[in-house]
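Okay, so here's the structure we're looking at.
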Amino acid sequence: MWQKTFWHINSEFNIKATAYDRWNSAGIIAELAKEGLENFTPFGQGFGSMSQPAKEIYALAMKKLLIHDANPVLRWMISNVEILTDPADNIKLAKNKSREKIDGVVALVMAYGVYSMMATKETSTPSVRILEF
């Protein structure tokens, strides 16, 4: 049943890539590939992968180019995010409130990271719009 949802979303929105956490996900990605779904891009959860897109999402938000239509779930998840910094000033998202969720924010950073990798140099400063289904 969930495959039909993926098919519907892929056909309706012409999805070019889907970021996924590469840790412990080989099985599900293989199953989705058997169903004909493609364009999966592995994306790590460490400082190396998360820092640049997280910083860019923050910059877009400060410029009011992160449009989320006052989505209460995303707002709640953002309030649960804590930022970890390494000695090289890289950042990544953390959830130190063990019962609270930040998955939507992590997904946003991952999606933006893959988008940034795919964007050409001619692309102007993007805005990001969160769509509700």
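Here are a few things to note about the model shown:
- Here's how it looks for A19: its modeled amide H is under 5 Å from those of T41, which are all 5 or more places away or on a different chain.
- Kirkwood-Stokes translational diffusion coefficient of region 3-114, alpha-carbon pairs, 37 °C, 0.692 mPa s, µm²/s: 212
- Sorting 106-118, 14-26, 51-63 by their mean Cβ neighbour count within 10 Å, with the most densely packed peptide first, gives 106-118, 51-63, 14-26.
- Unit Cα scatterers, Debye sum, region 1-42: log10 I(q)/I(0) for q = 0.28, 0.30 Å⁻¹: -1.10, -1.19
Bear in mind that the values in this text are calculations on the coordinates, not laboratory data. These numbers were taken from a predicted model, which means no experiment stands behind them. Ideal geometry is used to build each Cβ from the backbone, glycine not excepted, and the neighbour counts take in all protein chains shown.
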